[in-house]
Amino acid sequence: MMRVAILVSGRGSNMEAILRVKEAGGLPNAEIALVLSDSADAPALEKAQKFGVKTVIVDPKPYRKKREGYDAAVLEVLRDNNIELIVLAGFMRLLSRVLIDAYPNRIINIHPALLPAFPGLHAQKQALDHGVKVSGCTVHIVDGDVDTGPIILQAVVPVLTDDTEETLSERILDYEHRLLPRALDLATSERLRVIGRRVIIDED
Ligand code: GRF
């Protein structure tokens, strides 16, 4: 089994989706060993504890604006817990090379748009404002830039005429909750091969 850490900052619904799949007997090759948050107030922490998963808070305050210092503190926690793979599930911080280099092709992120469209914050609002007819979500490997890494899986979601940011976000979220556990299963079963920008999925 591969030891996995989920990094969160807030609500934690994607984290919960993973923990539910695991509880239901899925993700046979993943051990969710740790949930790490940059905020003590993250509702995700309580949810993780309900599933009996260890939680750790690494507070960014002492590191001020030094991303590398913060990431080194996170890395120490990950190493202490023998973490082999990282899932970013609503973790609201950019990662520095300290973490990227320590976990090459071993960090995955969920983004609520069809990358490379609408990277960064408020992706659903960006999609609505642009007037696209479909949007969706993307699970990708984290490569050190914002939402640029090789794409593992994507799901397409329609944008409806009367959508608001809220209704579109909700529709996309439903797909996020299916996509992220699937991508994690592929990653922990060693069924992903990264060739340049492409991620080849080895089918059973
Ligand atoms: C999700 O929309 C995810 O795609 C984005 O941040 C949000 C996190 O939601 N990266 P949650 O904390 O998983 O509920």
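Taking segment 21-102 as the region of interest, the helices (runs of 4 or more DSSP H) fully inside it that hold 3 or more residues being in contact with a strand residue (DSSP E or B) (Cβ under 6 Å, 6 or more places away or on another chain), of a type in the set (A, V, I, L, M) and at pLDDT 95 or above are 43-50.
Is there a residue in segment 174-196 that is farther than 28 Å from Leu75 by Cβ, β-branched (Val, Ile, Thr) and touching a residue at least 60 places away in the same chain (Cβ under 8 Å)? No, segment 174-196 contains no residue that is farther than 28 Å from Leu75 by Cβ, β-branched (Val, Ile, Thr) and touching a residue at least 60 places away in the same chain (Cβ under 8 Å).
When segment 75-102 is filtered for residues that are touching a Lys or Arg at 6+ places or on another chain (Cβ under 9 Å), among the hydrophobic types (A, V, I, L, M, F, W, C) and free of Cβ contacts under 8 Å to residues at least 60 places away in the same chain, the ones remaining, listed by number, are Leu94, Leu95, Val98, Ala102.
Number of residues in segment 158-173 that are within 14 Å of the ligand (Cβ to nearest atom), free of Cβ contacts under 8 Å to residues at least 60 places away in the same chain and of a type in the set (A, V, I, L, M, F, W, C) equals 1. Taking His177 as the residue in question, decide whether it is assigned to a strand (DSSP E or B), modelled with pLDDT of 95 or more, outside the structural domain of Ile57 (by TED's automatic domain parsing) and buried (at least 16 other Cβ atoms within 10 Å of the Cβ). Taking the combined requirement at face value, the residue does not satisfy it.
The values are calculated or read from the model by the stated rules, or taken from the named source; none is laboratory data. Because the structure is a prediction, the values reported are computed rather than measured. Note that we place each Cβ from the backbone using ideal geometry, even for glycine, and neighbour counts take in every protein chain shown.
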